[in-house]
Amino acid sequence: MFTQLIDPLGNLTLTCLVALIPVVFLLALLAIFRLPAWLATLLGSIVTFLLAVWLWKMPTDQGSRAYLYGAATGVWNVDWITFWGMVLFNTLSISGLFENFRRWLIAQGSMDVRVQTMLFAWAFGALLEGLVGFGYPWAVVAPILISLGISDLNAIRVAAIANNAPVSYGALGAPVIALAAVTGYPLLALSGSVGTVVAVLALLPPWVLLYLVSGKEGMKGGWPLAVVGSLAYIAGQYPVAVYLGPYLPDITGSIVCFIALLLLLRVWQPKTVLGYGGVPVDAAAARQTRGHGLTTGGVMQAWLPFLVLLVVVAAWTGPWSPLPKISWFKTQAVACSALAATCPAKGNVTAVFNFAPYVGGSAILASWIIVAILLLAMGKLKGGQIGEVFRRTFHQMWGACLVGVFIFGLAYTFNYSGMAASLAKGFSSMGTAFIIVAPILGFIGVALSGSNTSTNAMFGKFQALVGTQLGLPLLLLPSLNSVGAEIGKPIAPQTASVGVSTSKFVRKEGDVIRHNMGWTFILLAYLIVIAVLCYFVHPGAMELKQ
């Protein structure tokens, strides 16, 4: 059995610096040289493998198996989900149902900019993040806000800040699934611990959004929107994250938020209707309503795909279902951990690929098949358009799918070789102060890589190992890594490049990032406070229960 080296260079500080080379190299390729993500992760995985063989003495044959198992995990556990999520989204777009849903939603809002912001940026943005992710919420929400009178740059900032809380469960839970894959911790346990942090985090952004669009006075007059918007999202997100897993929290959170906000508006309206900047809207204009032109049947059709997705995925992936536990094939490469007192037994490090045919991606495929059949039967989708759905999806997703292959190959090699263990040994010298560093690492990782999923793949195991070394609750640091990555999204160049694609700031991502930066740092400081409270006030929520 291959035994990892904890300090191959004889100087732990130097060893840690060398172990950071793959991470720094990858992030430099992405943030400085602006290489496509798939190419950067390919080159990063090559450098990681070479260092692992040369300095950490990882056997080439076993290391190659670990890399391949990681790549296969990236395809089956992540790409399989994100691909079918995008197929479903494109099906709704091409059939016109997504546009109908958007028109219906716009018609529900009053002329008050605070109401519009909570419905479109907060609730609708969470729905888009839950389905697709990858910057699409910015790209779809920002034009809606611009059409309502918000300037381009500020509309993008509002869409980006609103997009913070849902990111860990974006693209039908891909980031949390990646975190479970590299740490080896149970998916449901990680989903619950991340959901706990997100639930507290989600209390703040709605207030920030009200301030951004209407100022202090607008916050005073619109505070029920922030209270209901935040608590309703949490009420839909948190129980699903804890009891059902990472696939649906954003979608259920957004739907509960829609319902709660629309019910609130039936019994309460702001006394003064405000436009952007807190400027009162002319009384005649305030009485104007936007018609959606849909029949009751048309509205039901627009909601139908989301209901199908909720029912199928919940029934398929919930703890009562035996389907995700079925495995057709499982293989692993085993190493003796450098951090273990004794080997083998609990000191083993494994790079595992488990082919479970009925994972979450298969549930989303089943949802899409049902939706497609229903749309064909209703005449909303034609047979020839299905080909266009797959052509569009392939054009959008081929790079992201390759990233899933290479980033997991890199992560598995990084962990299996002992490089992550060397870093963990070095960083554990910080003691419990590392709780403050953990979310910052996630923040930096996503700010440079643009992907919460990739950041969890890169840093998830390292965070878990540091937590073990320090005797912290096992789920705490990996969860903080994921939520820290959420907060870095508004200043991620790759996310911004997609997010500005429907505005006049195309190829001006730098202006957008600078505009987003201040509020992003405030939210990061808030997360650090949450991290400290999690450890000192409620550590049990982060324990891995046997």
Distance between Cα centroids, segment 135-176 to segment 72-113: provide it in whole Å. 13
Structure-derived percent of Cα pairs over 41 Å apart: which label, when the choices are (1) 42; (2) 19; (3) 52: (2)
Order of S93, S45, S428, S422 from fewest to most other C-beta atoms within 10 Å? S93, S428, S45, S422
In whole Å, what is the distance between the alpha-carbon centres of segment 505-542 and segment 421-486? 15
Which distance in nm do the two modelled labels at L544 and M1 give, with both placed 7 Å along the Cα-to-Cβ direction? 1.7
Net charge near R157, counting Lys/Arg +1 and Asp/Glu -1 over other residues with Cβ under 15 Å of its Cβ? +1
Can you compute the modelled spin-label distance between S147 and I436, with each label point 7 Å from Cα toward Cβ, in nm? 4.7
What residues have an amide H closer than 5 Å to that of T3, excluding those fewer than 5 places away on the same chain, when H is modeled at 1.01 Å from N in the peptide plane? C336
Positive end of the charge dipole of segment 2-542 (Lys, Arg +1 and Asp, Glu -1 on Cβ, about the Cα centre): tell me which of N348, A19, L209 has its Cα farthest that way. L209
By how many nm would the segment from M300 to E388 lengthen if fully extended, with 0.36 nm per residue of separation less the alpha-carbon distance? 29.2 nm
Mean Kyte hydropathy of -0.5 or more with a Cα span along the axis of at least 30 Å, helices from DSSP in the chain: 205-243, 296-317, 383-417, 509-536
By the scheme Lys and Arg +1, Asp and Glu -1, what is the net charge of all other residues having a beta-carbon under 14 Å from that of Y416? +2
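What's the local net charge at G297, with K and R +1, D and E -1, over the other residues with C-beta under 15 Å away?
That works out to +2.
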So, in nm, how far is label N11 from label S93 when the simple model puts each one 7 Å beyond its Cα toward the Cβ? 5.2
Taking K508 as the anchor, which lysines have their alpha carbon closer than 24 Å to its alpha carbon, excluding any fewer than eight residues away along the same chain? K489
When the charge dipole of the chain is computed with +1 at the Cβ of Lys and Arg and -1 at the Cβ of Asp and Glu, the Cα pointing farthest to the positive end, of Y136, I487, A241, is that of Y136
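For segment 406-459, what does the alpha-carbon gyration tensor say about shape, rounded, prolate or oblate, given a ≥ b ≥ c as the root eigenvalues, a/c under 1.5 as rounded, and a/b over b/c as prolate?
On the way: a/c = 3.40, a/b = 1.17, b/c = 2.92.
Oblate, because a/c is 1.5 or more while a/b does not exceed b/c.
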Determine the percent antiparallel among the DSSP beta bridges restricted to the chain, to the nearest 5. 80
Cut-off is 10 Å between beta-carbons; in what order do E217, E129 appear when sorted fewest neighbours first? E217, E129
What is the order of I32, I106, I522, I487, fewest Cβ neighbours within 10 Å to most? I32, I522, I106, I487
Where does the chain land at 222 nm, in deg cm²/dmol rounded to the nearest 500, when only DSSP H runs of n ≥ 4 count, each adding -39500 (n - 2.57), divided by all residues? -22500 deg cm²/dmol
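Quote the charge dipole size of the chain about the Cα centre in Debye, to the nearest 20; the model charges only the Cβ of Lys and Arg (+1) and of Asp and Glu (-1).
Its charge dipole is roughly 440 debye.
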Can you give the FRET efficiency for V334 and D282, using 1/(1 + (r/R0)^6), R0 = 51 Å, r = Cβ-Cβ distance, to the nearest 0.05? 0.10
If the reach is capped at under 20 angstrom between alpha carbons, list the aspartates and glutamates near K271, excluding any in the same chain fewer than eight residues apart. D112, E217, D282
Non-local amide H neighbours of V279 (under 5 Å, H modeled in plane, Pro and chain starts lacking H): which ones? none
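Every number in this text was worked out from the coordinates using simple rules, so none of it is lab data. Since we're looking at a predicted model, the values are computed, not measured. Ideal geometry is used to build each Cβ from the backbone, glycine not excepted, and the neighbour counts take in all protein chains shown.
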